[in-house]
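Peer 1: Can you read through this structure? Questions will come right after.
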Amino acid sequence: MIASHATRIGGAVNVPRVPSHVARRGNAFTRVLMIALMRLTGWRFSGADFPDCRKFVLIVAPHTSNWDFPVGIMAMYALGIRITFLGKDTLFKFPLGIMMRFLGGFPVDRTSRSDVVTQTVELVERSERIIIVLSPEGTRKLTARWRSGFYWIAQKSGVPILPIALDFSKKEIRFHPLFAPTGVQEEDIVALRRLFSVEMAHSPANYAP
């Protein structure tokens, strides 16, 4: 469903309204500040409404540049949402760990008997509300295949997937409707990849359509 004017704020930035029960962070000041920064840099939101859902996996693509991170941080604070991203547990040691946790990092132990998918599913199951953010490419370098971890986290947790495109060609953060995994991994990932194109990438040479 394409958002109506009534569900948007922020003027030209076109910020979707976020339901109150979605995981939140920040305050009115940080939202206004980041909306102003998006307006200054020419970025805006487009596409579907923000989903009315307490738990979901959010995937962002194309992921081809270090610039993806600051754009994502702007978007997070403009929306006022709390995200959770995965990181090696070694990155959460002092002092870097303070910043990692502040930004929403969740440490995963790759040496544990439980794999990363299992650890993340357990986190989703014990959370009342959570947004797990992942890049399906898993790297800024050129890769022909998406990693399937995001898919199995959603499938095993029983939560939908929210695809968001970072379209550098139009400076748009584009929301697609929620996608419910069917359990047929290859077909579902093909359907999701069709939502993104090489023209959107900051560095098109690093994205495989």
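Peer 1: Among the helices (runs of 4 or more DSSP H) contained in the range 82-166, which hold 2 or more residues that are closer than 24 Å to L178 by Cα?
Peer 2: Details: elements: 96-102, 116-126, 149-157.
Of the helices (runs of 4 or more DSSP H) lying wholly inside the range 82-166, those with at least 2 residues that are closer than 24 Å to L178 by Cα span 116-126, 149-157.
Peer 1: Further question: Under 6 Å between Cβ atoms, which residue pairs at least 6 apart in sequence (or on different chains) link something in the range 140-157 that is crowded, with 17+ Cβ neighbours inside 10 Å with a partner that is modelled with pLDDT under 90 and of a type in the set (S, T, Y)?
Peer 2: none
Peer 1: For the list (1) in a helix (DSSP H, G or I); (2) under 12 Å from the mean Cα position of the chain (by Cα); (3) surrounded by 15 or more Cβ atoms within 10 Å (Cβ to Cβ), I need the number of the one condition that A78 fails.
Peer 2: (2)
Peer 1: State whether one or more residues within the range 89-101 are in contact with a Pro (Cβ under 6 Å, 6 or more places away or on another chain), surrounded by 12 or more Cβ atoms within 10 Å (Cβ to Cβ), of a type in the set (D, E, K, R) and over 27 Å from H202 (Cα atoms). Lay out the reasoning, then the answer.
Peer 2: Start the filter on the range 89-101 by keeping residues that are in contact with a Pro (Cβ under 6 Å, 6 or more places away or on another chain), which leaves 89, 92.
Cutting the leftovers down to surrounded by 12 or more Cβ atoms within 10 Å (Cβ to Cβ) gives us 89, 92.
Okay, now just the ones that are also of a type in the set (D, E, K, R), so 89.
Pick out the ones that are also over 27 Å from H202 (Cα atoms) and you get 89.
Yes, that holds for at least one residue.
Peer 1: Just give me the residues in the range 21-75 being β-branched (V, I, T) and either touching a residue at least 24 places away in the same chain (Cβ under 8 Å) or in a strand (DSSP E or B) (or both), in sequence order. Please lay out each step first, then the result.
Peer 2: Filtering the range 21-75 down to residues β-branched (V, I, T) leaves 22, 30, 32, 35, 41, 57, 59-60, 64, 71, 73.
Across the range 21-75, the qualifying residues are V22, T30, I35, T41, V57, I59, V60, T64, V71, I73.
Peer 1: Starting from the range 1-19, keep only residues that are modelled with pLDDT of 50 or more and part of a helix (DSSP H, G or I), then list their pairs with residues that are surrounded by 13 or more Cβ atoms within 10 Å (Cβ to Cβ) and acidic (D, E) whose Cβ atoms are within a distance under 9 Å, requiring at least 6 positions of separation or different chains.
Peer 2: These pairs meet every condition: T7/D49.
The values are calculated or read from the model by the stated rules, or taken from the named source; none is laboratory data. Everything quoted here is computed from the prediction, not taken from an experiment. Positions of Cβ are backbone-derived with ideal geometry, glycine not excepted, and every protein chain shown enters the neighbour counts.
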